[in-house]
1. Given the conditions (1) exposed (fewer than 14 other Cβ atoms within 10 Å of the Cβ); (2) more than 28 Å from residue 4 (Cα to Cα); (3) under 16 Å from the mean Cα position of the chain (by Cα), and given that residue 56 satisfies all but one, which numbered condition is not satisfied?
2. Do we find that residue 92 is more than 25 Å from residue 119 (Cα to Cα), without any contact (Cβ under 8 Å) to a residue 40 or more places away in the chain and either touching a helix residue (DSSP H, G or I) at 6+ places or on another chain (Cβ under 7 Å) or loosely packed, with under 11 Cβ neighbours inside 10 Å (or both) in this structure?
3. Would the range 3-26 turn up any residue that is in contact with a strand residue (DSSP E or B) (Cβ under 9 Å, 6 or more places away or on another chain) and exposed (fewer than 11 other Cβ atoms within 10 Å of the Cβ)?
4. Quick check on residue 80: is it in contact with a helix residue (DSSP H, G or I) (Cβ under 8 Å, 6 or more places away or on another chain) and more than 29 Å from residue 128 (Cα to Cα)?
5. Filter the range 95-120 for residues that are closer than 17 Å to residue 75 by Cα and in a loop (DSSP other than H, G, I, E, B) and give the result.
6. What is the number of the single condition among (1) surrounded by fewer than 13 Cβ atoms within 10 Å (Cβ to Cβ); (2) modelled with pLDDT under 95; (3) part of a loop (DSSP other than H, G, I, E, B) that residue 78 does not meet?
């Protein structure tokens, strides 16, 4: 994490399955996403942006935009903004609130992550429709 603060992430069944697939192809590196040239190092922070460009999203989407997409979707679906911000590991800009509120919202974040995984899975399989919103 940027701020050297631990960040617990509830992992869903779909996420764990995806991690198994990734581990099967990452050459037993200690990193989930190792560097192509050195398995003892992590991938470059711009790797995802380059992949998005290669698949046709140049000028339309960057990796950080996926976080904005998640935040927007989750807010539109009525999830608690504090829970969304905690899931994204954002720091409260209000210094007093930040000093007193140390909640991680872990149970609520589990529900949020399960909903998000289902949403992604439905979208990927074409079973998501505007009627299911």
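1. Among (1) exposed (fewer than 14 other Cβ atoms within 10 Å of the Cβ); (2) more than 28 Å from residue 4 (Cα to Cα); (3) under 16 Å from the mean Cα position of the chain (by Cα), residue 56 violates only (3).
2. Answer is yes for this residue.
3. Pass one, the range 3-26, residues in contact with a strand residue (DSSP E or B) (Cβ under 9 Å, 6 or more places away or on another chain): 26.
Okay, now just the ones that are also exposed (fewer than 11 other Cβ atoms within 10 Å of the Cβ), so none.
Checking the range 3-26: not a single residue is in contact with a strand residue (DSSP E or B) (Cβ under 9 Å, 6 or more places away or on another chain) and exposed (fewer than 11 other Cβ atoms within 10 Å of the Cβ).
4. Working: in contact with a helix residue (DSSP H, G or I) (Cβ under 8 Å, 6 or more places away or on another chain): yes; more than 29 Å from residue 128 (Cα to Cα): no.
Answer is no for this residue.
5. If the condition is that a residue be closer than 17 Å to residue 75 by Cα and in a loop (DSSP other than H, G, I, E, B), then 105 is the only one that fits.
6. (2)
The values are calculated or read from the model by the stated rules, or taken from the named source; none is laboratory data. The structure displayed is predicted, hence computed values, not measured ones. We place every Cβ from the backbone using ideal geometry, glycine too, and count neighbours over all the protein chains shown.
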